[in-house]
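The values are calculated or read from the model by the stated rules, or taken from the named source; none is laboratory data. Please read all numbers here as calculations on a predicted model, not as lab measurements. All Cβ positions, even for glycine, are placed from backbone atoms using ideal geometry, and neighbour counts span all protein chains on display. For accessibility, only protein heavy atoms count, side chains too; no ligands or nucleic acids. Shrake-Rupley method; radii C 1.70, N 1.55, O 1.52, S 1.80 Å.
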Amino acid sequence: MSDIIARRFAINGIVQGVGFRPFVFQLAHRYGLAGDVANTSSGVSILVEGSPGAIDAFGRDITTKNPPLSRITDIVEIAEMVGNRTGFTIVASRAGRSRATLISPDVSICEDCRRELFDPGDRRFRYPFINCTNCGPRYTIIDDIPYDRPNTSMKHFPMCPDCFREYEDPMDRRFHAQPNACHVCGPHVTLFDHRQQRIEVVDAIEETRRLLMEGYIVAIKGLGGFHLAVDAENTDAVQRLRRRKHREEKPFALMAESLDIIRRYAGMSAAERRLLQSIQRPIVLLSRKNSCPISEAVAPGNRYLGFMLPYTPLHCLLLAEIEKPLVMTSGNMSEEPIAIDNNEAFERLSGIADCFLVHNRDIYLRSDDSIVRHVAGDIRFIRRSRGFIPVPVFLENSLPPILACGAGLKNTICLTRGDKAFVSQHIGDLKNVVTYDFFRQTDRHMRRILDIEPELVACDMHPDYLSSRYAAELSDLKRIEVQHHHAHIVSCMAENRIEGPVIGLSFDGTGLGTDGAIWGGEVLTATFGEFTRQAHMAYVPMPGGNAAIAEPWRMGLSYLYACYGDDLWNCALPFVHTVDSKSGRVLLDMIRKNVNCPLTSSLGRLFDGVAAILGIRSHTAFEGQAAMELEMIAGRPGREYYPWEWSRGEPRRIRFEPIIQAIVRDREEGVSPPVISARFHATMQHLFTDLCVAVRRDTGLDRVVMSGGVFQNAIMLRLLLKSLEEKGFTVYTHSLVPTNDGGISLGQAVAAQAMVR
Ligand code: ZN
Ligand code: ZN
Ligand code: FE
């Protein structure tokens, strides 16, 4: 027959271990095509033979109806010789296959599995580990590649005949679902009290729910680690959890069974709803409703509540009949990584949890819940972890294998291979041994499962970061130090797939500059390999160094001293009178004698200082808290803003004195802090828009890249985006990796490659 043709499709991307071959198999059947499908070293190869119309339709469906977890990055079609083929087969994987394919992240339970979970007639009715090719754990249970059951923590659970039949049947939705399991053969849950005594009950999940509703704190083993759960409406219980966890003020995340329940507590746009329901199921920050019955202790002083929907079958069962949210916060002591191992959890959490709901499926790599927000039309990561790791950032150009070690706080690492940059899950603040162990473990683990042997190591310029020391220890690798704020800008350029030169607004709390000062209010021009400082906030002493980060009152005094000298005590500000006069004098002495007073151009510190001067906060419980509260109280920014000026010269120095003096005057005249905060935000908007216009005049550059922790401030992000676009700039922001230091490792990797050339 002359109208029969044959064609090969070579497909790259996330196409293994995600139900791609059975999808192709079923599609070929639907269109009556013969041929085969096989995994290859870089993806999947399909050979089909049949009528041109059917093959075209088949090709269209492959890219439009592909399984939810798959991601096609590249598809090549090649004409093949007709071979009178009959039938369609799935070619078994050969040993030693594909180390270059992409591993799927962990994904929330799918609708099909959820239906079976609550179907009394199904053999997996109420089975807390139900999953299929479209859902379930992946990244957190993998120990090595290829992604096959013996290389996962499911290796301890041989499949029963029923499960095995599903696993082997290409028409079954559990065909080659590596974590496939059931009541008979799979993992199960057990409930323990805090003395590690097993609590004998018929249904451990039911009992857990009952305990929670009575106000107990329960440690619950989830997908990427343990949660600590408590009834979110029970203030006593929430406060008890805070006390025991030594987490006095940082907001707790919430989990609720349905969107309807969440709507009672928080407002939700269509975009936010889609984020909540996405297969990654992140924590989404939503604006809290005024009269909501959530305990104030859940998120003190915060306009937002972080909500997520249940993402494992265990969570679905637990929340099934609870008409209110549970606090579900990471199972750790403040500052430490989340616990993943049962014994580790008993050891570390026994002083916090009253009971433990554990299971016997091991977690190989911890992964916290991701935290996102929807701002200015896009998803913004505050923490990128579960659900998104290890999906790479696709780069414009290919890189050699590089390890980038990230910054000191909110650390992530990044490994590159070809045009893919694999940013790790959130590791945390590298301040203690436990977190540093997690950092090293993540490097080892990612190198193994991604099969990357780095040739180059990139790190921050700061020699004292544990991540920088780690890089220095890898003495067989060429090491490149990347300036912190340059790395921020390159990170944002890389995820937007643009090359320089660009204007970069790099605004954050802390990063070591090339002159030894602490930078953070930087207007740069930058390429991947180089940057020039065009402007920065004028330097101000940071009395006590790091102590000034935890104690914004120090910054408040430092700014006032710079503006008024010893006359600062005459300012009619409540703040000045709340400062203990002895410590105040000691502090000014430090400034005068230049003792332990590093200089900073940090915008984060300016926000802290303003928050202190307005009496919003003098001591913080976590990094960025004062600046965040300044954002929270802000009224709607309008036309009013404060005067500013910058000195000529290279780089320009932005004087803060006119801004601080105007704020003090406003405050003395009784203008309320919300109005002052709004004016201050508007000042930042106009000041930096004008600066970008000035830099454009000098350089001709009209693309602006915005990065750094300050852009977690939604007002700053929205206002600057808007006014820069109005001035004709093309503006690039983060929506794939965090704008905070969690995105630094990506920028380090890309910059290091350019710098080494
Ligand atoms: Zn499923
Ligand atoms: Zn089974
Ligand atoms: Fe930073």
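What number of residues within segment 511-555 satisfy the criterion of being assigned to a loop (DSSP other than H, G, I, E, B) and either under 24 Å from C459 (Cβ atoms) or open to solvent by 10 Å² or more (accessible area, probe 1.4 Å) (or both)? Outline the logic, then answer.
Initially, segment 511-555 is screened for residues assigned to a loop (DSSP other than H, G, I, E, B), giving 513-517, 527-530, 538-539, 542-546, 551.
Still in the list and also either under 24 Å from C459 (Cβ atoms) or open to solvent by 10 Å² or more (accessible area, probe 1.4 Å) (or both): 513-517, 527-530, 538-539, 542, 544-546, 551.
Qualifying residue count, segment 511-555: 16.
Kindly provide the set of residues from segment 330-354 that are open to solvent by less than 10 Å² (accessible area, probe 1.4 Å) and outside any helix (DSSP H, G or I), ordered by number.
Restricting attention to segment 330-354, the residues satisfying the condition of being open to solvent by less than 10 Å² (accessible area, probe 1.4 Å) are 331, 337-339, 345, 349, 352-353.
The answer is G331, P337, I338, A339, I352, A353.
Can you confirm whether segment 347-361 contains a residue that is of a type in the set (A, V, I, L, M) and farther than 20 Å from V189 by Cβ? If you could, list the steps in order and put the result at the bottom.
Pass one, segment 347-361, residues of a type in the set (A, V, I, L, M): 349, 352-353, 357-358.
Then keep just the ones that are farther than 20 Å from V189 by Cβ; that gives none.
No, because not a single residue in segment 347-361 is of a type in the set (A, V, I, L, M) and farther than 20 Å from V189 by Cβ.
Given the residues I489, I503, I498, which is the only one that is away from ligand 3 (no atom under 16 Å from the Cβ), open to solvent by less than 10 Å² (accessible area, probe 1.4 Å) and at pLDDT 95 or above?
On the way: I489 fails: away from ligand 3 (no atom under 16 Å from the Cβ); I498 fails: open to solvent by less than 10 Å² (accessible area, probe 1.4 Å).
Going through I489, I503, I498 in turn, the sole match is I503.
Could you check segment 161-182 and list, in sequence order, the residues that are surrounded by fewer than 17 Cβ atoms within 10 Å (Cβ to Cβ) and more than 11 Å from ligand 2 (Cβ to nearest atom)?
Within segment 161-182, E168, D169, M171, D172 meet the criteria.
Using the structure shown, decide if C185 is part of a helix (DSSP H, G or I), out of contact with any strand residue (DSSP E or B) (no Cβ under 8 Å at 6 or more places or on another chain) and either within 9 Å of ligand 2 (Cβ to nearest atom) or among the hydrophobic types (A, V, I, L, M, F, W, C) (or both). Working first, answer last.
Details: part of a helix (DSSP H, G or I): no; out of contact with any strand residue (DSSP E or B) (no Cβ under 8 Å at 6 or more places or on another chain): yes; either within 9 Å of ligand 2 (Cβ to nearest atom) or among the hydrophobic types (A, V, I, L, M, F, W, C) (or both): yes.
No.
Among strands (runs of 3 or more DSSP E) lying entirely in segment 371-476, which contain 2 or more residues that are open to solvent by 20 Å² or more (accessible area, probe 1.4 Å)?
Values: elements: 371-375, 378-383, 393-399, 402-404, 414-423, 456-460.
Here the list reads 371-375, 378-383, 393-399, 414-423.
Does segment 312-329 hold any residues that are open to solvent by less than 10 Å² (accessible area, probe 1.4 Å) and part of a loop (DSSP other than H, G, I, E, B), and which are they?
I322, P325
Looking at segment 622-639, can you tell me whether even one residue there is over 24 Å from L305 (Cα atoms) and either open to solvent by less than 10 Å² (accessible area, probe 1.4 Å) or out of contact with any Asp or Glu (no Cβ under 6 Å at 6 or more places or on another chain) (or both)?
Yes - at least one qualifying residue is present in segment 622-639.
Report yes if R667 is closer than 19 Å to C563 by Cα, open to solvent by 50 Å² or more (accessible area, probe 1.4 Å) and touching a residue at least 12 places away in the same chain (Cβ under 8 Å), otherwise no. Spell out how you get there, then give the answer.
Working: closer than 19 Å to C563 by Cα: yes; open to solvent by 50 Å² or more (accessible area, probe 1.4 Å): yes; touching a residue at least 12 places away in the same chain (Cβ under 8 Å): yes.
Here the answer is yes, as R667 does meet what is asked.
It is to be established whether one or more residues within segment 122-134 are away from ligand 1 (no atom under 16 Å from the Cβ), of a type in the set (K, R) and not in a strand (DSSP E or B). Give the steps one after another, and end with the answer.
As a first pass, look at segment 122-134 and keep what is away from ligand 1 (no atom under 16 Å from the Cβ): none.
No, segment 122-134 contains no residue that is away from ligand 1 (no atom under 16 Å from the Cβ), of a type in the set (K, R) and not in a strand (DSSP E or B).
Determine, yes or no, whether Y147 is modelled with pLDDT under 90 and away from ligand 3 (no atom under 16 Å from the Cβ).
yes
Restricting attention to segment 241-255, does a residue exist that is at pLDDT 95 or above, open to solvent by 50 Å² or more (accessible area, probe 1.4 Å), over 26 Å from T133 (Cβ atoms) and part of a strand (DSSP E or B)?
Checked against the condition, which is being at pLDDT 95 or above, open to solvent by 50 Å² or more (accessible area, probe 1.4 Å), over 26 Å from T133 (Cβ atoms) and part of a strand (DSSP E or B), segment 241-255 yields no hits at all.
Working carefully through the options L305, L285, L276, find the one that is within 20 Å of G377 (Cα to Cα) and touching a residue at least 60 places away in the same chain (Cβ under 8 Å).
Details: L305 fails: touching a residue at least 60 places away in the same chain (Cβ under 8 Å); L276 fails: touching a residue at least 60 places away in the same chain (Cβ under 8 Å).
Result of the check over L305, L285, L276: L285.
Listed residues R123, R114; which is at pLDDT 95 or above and open to solvent by 80 Å² or more (accessible area, probe 1.4 Å)? If you could, list the steps in order and put the result at the bottom.
Details: R114 fails: open to solvent by 80 Å² or more (accessible area, probe 1.4 Å).
From the options R123, R114, the qualifying one is R123.
So that you can scan it fast, the table gives a plain yes or no per residue for (1) within 24 Å of Q625 (Cα to Cα); (2) among the β-branched types (V, I, T):
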site: T510; (1), (2): yes, yes
site: T514; (1), (2): no, yes
site: L524; (1), (2): no, no
site: F531; (1), (2): no, no
site: W553; (1), (2): yes, no
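When you scan segment 222-240, how many residues do you find that are open to solvent by less than 10 Å² (accessible area, probe 1.4 Å) and more than 23 Å from the chain's Cα centre (by Cα)?
Number satisfying all stated conditions: 5.
Please work out which one of (1) touching a His at 6+ places or on another chain (Cβ under 9 Å); (2) modelled with pLDDT under 95 is the condition W519 fails and give its number.
Result: W519 passes all but (2).
Just for segment 135-155: of the residues that are open to solvent by 10 Å² or more (accessible area, probe 1.4 Å) and touching a residue at least 60 places away in the same chain (Cβ under 8 Å), which one is nearest to ligand 2 (Cβ to nearest atom)?
Y147
Name the residue, out of C316, C355, that is at pLDDT 95 or above, touching a helix residue (DSSP H, G or I) at 6+ places or on another chain (Cβ under 8 Å) and more than 30 Å from A271 (Cα to Cα).
Unique residue meeting the criteria: C355.
Which pairs have Cβ atoms under 7 Å, sit 6 or more apart or on different chains, and link a residue in segment 737-756 that is under 17 Å from V372 (Cβ atoms) and open to solvent by 20 Å² or more (accessible area, probe 1.4 Å) to one that is assigned to a helix (DSSP H, G or I) and modelled with pLDDT of 95 or more?
D741/G709
Report yes if P643 is surrounded by fewer than 20 Cβ atoms within 10 Å (Cβ to Cβ), over 34 Å from the mean Cα position of the chain (by Cα) and in a helix (DSSP H, G or I), otherwise no.
Working: surrounded by fewer than 20 Cβ atoms within 10 Å (Cβ to Cβ): yes; over 34 Å from the mean Cα position of the chain (by Cα): yes; in a helix (DSSP H, G or I): no.
Against the criterion (surrounded by fewer than 20 Cβ atoms within 10 Å (Cβ to Cβ), over 34 Å from the mean Cα position of the chain (by Cα) and in a helix (DSSP H, G or I)), P643 does not qualify.
State the number of residues belonging to segment 121-134 that are without any contact (Cβ under 8 Å) to a residue 24 or more places away in the chain and away from ligand 2 (no atom under 15 Å from the Cβ).
From segment 121-134, those without any contact (Cβ under 8 Å) to a residue 24 or more places away in the chain are 121-122, 125; that's our starting set.
Next, from what is left, pick out any that are away from ligand 2 (no atom under 15 Å from the Cβ): 121.
So the answer is 1.
For I489, all conditions in the list (1) under 25 Å from Q685 (Cα atoms); (2) β-branched (V, I, T); (3) assigned to a loop (DSSP other than H, G, I, E, B) hold save one; what is the number of the exception?
(3)
Residue check: is L588 free of Cβ contacts under 8 Å to residues at least 60 places away in the same chain, touching a Ser or Thr at 6+ places or on another chain (Cβ under 6 Å) and of a type outside the set (V, I, T)?
On the way: free of Cβ contacts under 8 Å to residues at least 60 places away in the same chain: yes; touching a Ser or Thr at 6+ places or on another chain (Cβ under 6 Å): no; of a type outside the set (V, I, T): yes.
So L588 does not fit the description; no.
Is there any pair linking a residue in segment 493-507 that is within 12 Å of T730 (Cα to Cα) and part of a loop (DSSP other than H, G, I, E, B) to one that is charged (D, E, K, R) and open to solvent by 10 Å² or more (accessible area, probe 1.4 Å), with Cβ under 8 Å and at least six apart or on different chains, and which?
These pairs meet every condition: I498/E396; I498/R703.
Output the residues belonging to segment 399-456 that are over 12 Å from L746 (Cβ atoms) and of a type in the set (S, T, Y).
T435, Y436, T442
Any residue at all in segment 190-198 that's within 16 Å of ligand 1 (Cβ to nearest atom), open to solvent by less than 30 Å² (accessible area, probe 1.4 Å) and not hydroxyl-bearing (S, T, Y)? Write out each step before concluding.
Filtering segment 190-198 down to residues within 16 Å of ligand 1 (Cβ to nearest atom) leaves none.
No - not one qualifying residue is present in segment 190-198.
For residues in segment 584-621 being part of a helix (DSSP H, G or I) and open to solvent by 40 Å² or more (accessible area, probe 1.4 Å), which is farthest from N302 (Cα to Cα)? Break it down stepwise before answering.
As a first pass, look at segment 584-621 and keep what is part of a helix (DSSP H, G or I): 584-593, 603-613.
The next check asks that each one be open to solvent by 40 Å² or more (accessible area, probe 1.4 Å); those that pass are 585-586, 589, 592-593.
Details: R585: 33, V586: 33, D589: 36, R592: 37, K593: 39 Å.
Looking at residues that are part of a helix (DSSP H, G or I) and open to solvent by 40 Å² or more (accessible area, probe 1.4 Å), I get K593.
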